[in-house]
Amino acid sequence: MSKINDLIASAKTFCDRYEKGRMERETVREWVLRLGSYPALQGDRTLSASERFRAYLENDASDDVRQVDIAKLTAILSG
């Protein structure tokens, strides 16, 4: 359970900083791509986020891309 709690805390930090423009997309992308496997709900959501950041490699993302990125990060927090 602590592994999931750590994931949620980290995801919140990354999401907040990225959303406020205090963290570059590439930094968030690298973090998401390094996430390991997690059980059930968070596992599906981390996989979805990884697929998203693997598919869209651009560093200077448009607002639309950023909003979808943030939605993927926020989904990790829910559960």
**OP:** Within the range 36-67, track down each residue that is over 16 Å from Ala9 (Cα atoms), over 10 Å from the mean Cα position of the chain (by Cα), surrounded by 13 or more Cβ atoms within 10 Å (Cβ to Cβ) and hydrophobic (A, V, I, L, M, F, W, C).
**Re:** Ala61, Val65
Subject >> Single unsatisfied condition, Glu30 versus (1) surrounded by fewer than 12 Cβ atoms within 10 Å (Cβ to Cβ); (2) at pLDDT 95 or above; (3) in contact with a helix residue (DSSP H, G or I) (Cβ under 6 Å, 6 or more places away or on another chain) >> reply: (3)
Subject >> Any chance Ser50 is assigned to a helix (DSSP H, G or I) and touching a helix residue (DSSP H, G or I) at 6+ places or on another chain (Cβ under 6 Å) >> reply: yes
**OP:** Give just the number: which of (1) surrounded by 10 or more Cβ atoms within 10 Å (Cβ to Cβ); (2) assigned to a loop (DSSP other than H, G, I, E, B) does Gly21 not satisfy?
**Re:** (1)
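Determine, yes or no, whether Ala61 is touching a Lys or Arg at 6+ places or on another chain (Cβ under 6 Å) and of a type in the set (Gly, Ala, Ser).
On the way: touching a Lys or Arg at 6+ places or on another chain (Cβ under 6 Å): yes; of a type in the set (Gly, Ala, Ser): yes.
It is true that Ala61 is touching a Lys or Arg at 6+ places or on another chain (Cβ under 6 Å) and of a type in the set (Gly, Ala, Ser).
The values are calculated or read from the model by the stated rules, or taken from the named source; none is laboratory data. From a predicted model like this one, the values you see are computed outputs, not experimental measurements. Using ideal geometry, Cβ is built from the backbone for each residue, glycine included, and neighbour counts are taken over all protein chains shown.
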